[in-house]
Every structure is written in C-alpha cells, then in structure tokens.
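Accompanying notes for the structure given below.
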Amino acid sequence: MKEKRLQLVEKFIHEKGTTSLDELCEHFDVSKNTIRRDINKILENGTIQKVYGGVRTTSERLIPFENRDHANQEEKQIIGEIAATYVEEDEIIFIDSGTTTRNMMAFLPRNINVTLLTNNLDVINAAATMENINLIIIGNNYKRKTKSFVGTDDSNTIEKYNVNKAFMAATGVSITHGLTNSDLLEYEIKKTNRCKSRKSLSTCRPFQI
C-alpha cells in the first residue's frame, strides 16, 4: 500500500511540476507527517526537490519507450557493443530496462557462460535463445510503457547474488544523488545494484546530467 502511494505521489508531483504539502495532503487524504515521510523517501530518488512550502520535479517526464527506442539508435548500438566487451566468462551480471543496455545482447558471444539478472523483456527474450546463460528474471509486474518488470521485493532478490558488473541506464545523473530515475521501483533496482555490484557501468542522455 505504501509503495503504491509513493508511486502515485511521485507521479502527481511530476504531473503538476510544483505542488504544496497542503495540496498533496488534500489530494491523497493523508496527514502532513505522512506526506513528509513520503517526500523524504522520494527525495532519495533524486527526481524531486523541496521548495518553500512544497516540492517540485527535477526530472523530465518519462519519455515513451517507443520514442526512446528509436532515438540515437546508432549510438546505442555502439555503446552496447563496447559494454559487451566488459562481460567475462562465469560472471554474474545485471542488465537493466534501458533501451541502450539491451543492445548488449547482440554483441555477447553466443556460447558465453554467465548468470544474467534482468528486468528487461527484450533482454529476457534474447537470453532465452542462448543456451549457456543462466537467466534470473527480476520483478513480477510487467510495465508495458517500458517493457520491463518491477516488484516491491526486487531489492531482496538482487541482494542474494554477488553481482560482478551492473549495466544500467538512467533518467539523469545528479551530483548529490548519483543515478536518478523517474520511476521509484526502477530506481530501487538501480540503487541496489549500484551498491551490490563490484562495478557499475551507466549511460545517460547528455541533457539530463
């Protein structure tokens, strides 16, 4: 229930641009203390910031997957090819839901032995055709807009594995918060992998830095 409300609160802030604590309390029918706790949790995401009497969004609205998928495709393939060279035999790797990171799959050796954690539907489909990949799917709820899976227990699942390398895309990069994402559950996945993996490799659109 709390995770669902956090998502709705964050979505409301992004849609409004700037909103007051009173407006949030009235809209979600909760106390100011509850809203303050919610805001403090969402602040960890790096996509909102406090202003006098309220909060405002710092993130660009989520770009539809289809638009992101076709944007800068040549550059994304080059990045995917380079990223694939970092994957070594018998490693445990994570590939996130980004449209850039999925390009890695086309450049991985067909016979490579790796354990792959992912919540990216396209990566799952590609990995399913590669016999030597041990595929671990993260998330149990499918998001059609991003062709990805998310769930409230994703962090606990990831914690069970000693990830060697995490390949991730981000909505933006913040000096204060590091990688940011406009979706709270996606952010939690990235945050856990950033802390858990020995090495993280990330991409971001330049105007979001």
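Quick notes on this structure:
- Residue in the range 130-150 that is modelled with the highest pLDDT, counting only those that are crowded, with 16+ Cβ neighbours inside 10 Å and over 18 Å from LEU116 (Cα atoms): LYS143
- Any hit, the range 16-32, residues being assigned to a loop (DSSP other than H, G, I, E, B), at positive phi and in contact (Cβ under 8 Å) with a residue 60 or more places away in the chain: no
- Flag for GLU75 being closer than 26 Å to ARG144 by Cβ, at pLDDT 75 or above and surrounded by fewer than 14 Cβ atoms within 10 Å (Cβ to Cβ): yes
- Test: residue in the range 101-110 that is touching a Gly at 6+ places or on another chain (Cβ under 6 Å) and not hydrophobic (A, V, I, L, M, F, W, C): yes
The values are calculated or read from the model by the stated rules, or taken from the named source; none is laboratory data. All values reported here derive from a predicted model rather than from experimental measurement. For neighbour counting, all protein chains shown are included, and Cβ atoms are generated from backbone atoms with ideal geometry for every residue, glycine included.
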